[in-house]
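Structure, as structure tokens:
No value in this document is a laboratory result; all are computed from the given coordinates. What you see is a predicted model, and the numbers here were worked out from it, not measured in a lab. Cβ placement follows ideal geometry from the backbone for every residue including glycine, while neighbour counts extend to all protein chains displayed.
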Amino acid sequence: MAEIAENPQGGGGKKGRSKKPSPRVDLTPMVDLAFLLITFFMLTTSLSKPKAMEIALPDTENIPVDPPPVDDDVVMTVLLAPKNVVLYYFGSPEKAAADPNGIKSTTFDKESGIRKVILDKKKAVAALPNGLGIDSKKNNKTMVLIKAVDSSVYGNMVDVLDEMHIADIKFYAILPISEPEKTLVDNSMKKVVQK
């Protein structure tokens with residue numbers, strides 16, 4: 001609403017041009033409108049909700065005494081080591097320990113890191129003869145075992161679980177690391193540091 005300001009000098013005695021009154025805008029209703037709009041948008045907006053990955057945990061009452069056997073051709077073990085190093089091997093830990101090049105290291109790089117290794121293993125399992133790499137529901141039988149040493153970074157575990165989701169791995173498990181595997185990690189980390 002515009003108001004016209006009165007001439008404070010009163011026009012007494014001086015001849016000449018009369019000064020035009022300057023209009024003044026009252027902004028009080030505009031402040032009220034701004035607060036109403038801010039309140040409206042705060043109440044009607046939807047805040048982003050955190051997304052969590054669902055992990056199916058086994059039933060603790062019906063755990064079998066002996067786990068079912070898994071063919072070494074479909075198993076891949078990912079070891080989360082310190083300093084953001086990811087180690088991996090295929091098959092059993094005994095075979096990896098016997099082969100000097102059995103354990104390899106990689107990173108979380110999207111092009112040449114652990115994702116590429118997992119996808120290559122998935123292709124190799126799918127190509128196994130006599131349909132050994134595909135189950136009755138047409139799922140790839142690639143089994144990834146994830147193990148972390150105590151000094152590994154928690155964020156790496158989250159990154160590996162994301163890679164399982166991206167690569168569409170149906171069978172993976174988070175397991176405690178065994179003593180022989182800790183030795184393998186220590187020996188492999190010495191080689192990684194020397195490079």
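Please arrange 111, 94, 181 by counting, for each residue, the other beta carbons lying within 10 Å of its beta carbon, fewest first. Fewest-to-most Cβ neighbours within 10 Å comes out as 111, 94, 181. When only the Cβ of Lys, Arg, Asp and Glu is charged (+1, +1, -1, -1), the dipole of the range 84-195 relative to its Cα centre reaches about 360 debye. Quick one: grab the alpha carbon gyration tensor of the range 73-139, order the square roots of its eigenvalues as a ≥ b ≥ c, and give me rounded if a/c is under 1.5, else prolate or oblate depending on whether a/b is larger than b/c. Oblate.
Applying the Kirkwood pairwise sum to the alpha-carbon positions of the range 72-194 produces a hydrodynamic radius of 14.7 angstrom.
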